[in-house]
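The values are calculated or read from the model by the stated rules, or taken from the named source; none is laboratory data. This structure is a prediction, so every number in the text was calculated from the model and none was measured. A quick note on method: Cβ atoms are made from the backbone with ideal geometry, for glycine too, and the neighbour counts reach across all protein chains shown. Heavy atoms of the whole protein, side chains included, go into the accessibility calculation; ligands, DNA and RNA do not. Shrake-Rupley method; radii C 1.70, N 1.55, O 1.52, S 1.80 Å.
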Amino acid sequence: QEIDRGNFWLSDTPEEVASVGWDAALTRMVTWVELEDRVTGRAFRVWCTHFDHRGKVARLRSAELLGARVAASGLPDLVLGDLNAGESSPVLGALAAEGLRDTFRDAHPDETDVGTFGGWVGRTGGAKIDHILADDGFETVAASIDRREFDGRDPSDHFPVIAVVRFQ
């Protein structure tokens with residue numbers, strides 16, 4: 001059940017609608033929702049975003065801004081997004097510094113075929129740039145990258161990442 005929700009823009013003026021941050025090529029934002037689990041009554045937040053595809057500074061500053069807000073939520077948190085950044089990048093490092101970890105790596109610490117940008121042609125090499133991140137309020141039960149085709153076509157230019165989590 002929804003408790004609260006909101007948006008902010010990935011820029012130095014995050015409350016300014018459609019503001020563009022740093023060296024970003026496009027306007028980027030975060031949408032979040034606070035939910036209540038129907039079974040346990042526990043509240044948690046889900047944050048969804050798409051970091052800039054060109055701006056290196058924008059990706060890092062976006063991670064720092066998002067990470068700070070997640071850390072301040074006081075709730076268990078999940079971050080979903082095309083972060084346009086690989087697992088060993090400073091971007092993921094900034095989010096890890098705020099207590100977020102990759103659910104896929106929880107389930108598959110040694111997997112090497114992890115590319116999530118298929119580019120409509122089904123390629124699987126390259127970096128894992130799409131992530132489901134969780135803080136210590138969640139335990140990862142399972143995670144995967146869905147590479148199924150539908151009628152011989154990929155569903156998107158990115159492969160979906162999936163995670164099953166439960167409260168700690």
Mean Cα-pair separation over length for region 1-159, i.e. relative contact order, pairs under 8 Å, 6 or more apart, %: 17 percent
Computed over region 94-154: relative contact order in percent, which uses C-alpha pairs under 8 Å that are six or more apart: 38 percent
Portion, in percent, of the accessible area of the chain that falls on carbon or sulfur, probe 1.4 Å: 51 percent
The chain: antiparallel DSSP beta bridges as a percent of all, rounded to 5: 85 percent
Estimated inter-spin distance, Asp113 and Asp23, nm [label 7 Å along Cα→Cβ]: 3.5 nm
Selected from His131, Val57, Phe104, residue furthest toward positive end of dipole (the chain; charges at beta carbon): Val57
Semi-axis lengths (Å, descending) of the ellipsoid that matches the C-alpha gyration tensor of region 4-102: 23, 16, 10
Å² per residue, accessible surface of the chain at 1.4 Å: 52 Å²
Thr13 versus Gln1: modelled label distance in nm, points set 7 Å from Cα along the beta carbon direction: 3.9 nm
Ranked packing of 40-46, 105-111, 150-156, 84-90, most packed first, by mean Cβ within 10 Å: 84-90, 40-46, 105-111, 150-156
For region 95-168 versus region 1-24, the gap between their alpha-carbon centres in whole angstrom: 24 Å
Top positive-direction residue, dipole computed over region 1-151 with Cβ charges, set Pro76, Leu26, Ala143: Leu26
As computed over the chain, the Cα convex hull volume per residue (Å³): 126 Å³
DSSP-defined beta bridges in region 44-133 - what % are antiparallel, rounded to 5: 45 percent
Relative contact order, percent, region 19-75 [alpha-carbon distance under 8 Å, six or more residues apart]: 35 percent
Quotient of C-alpha Rg and 2.2 N^0.38 Å, computed over region 1-47: 1.48
Net dipole in debye of the chain [+1 Lys, Arg Cβ; -1 Asp, Glu Cβ; about Cα centre; nearest 20]: 180 debye
Gaussian network model of the chain, Cα within-10 Å springs - most flexible of Leu83, Leu26, Leu100: Leu26
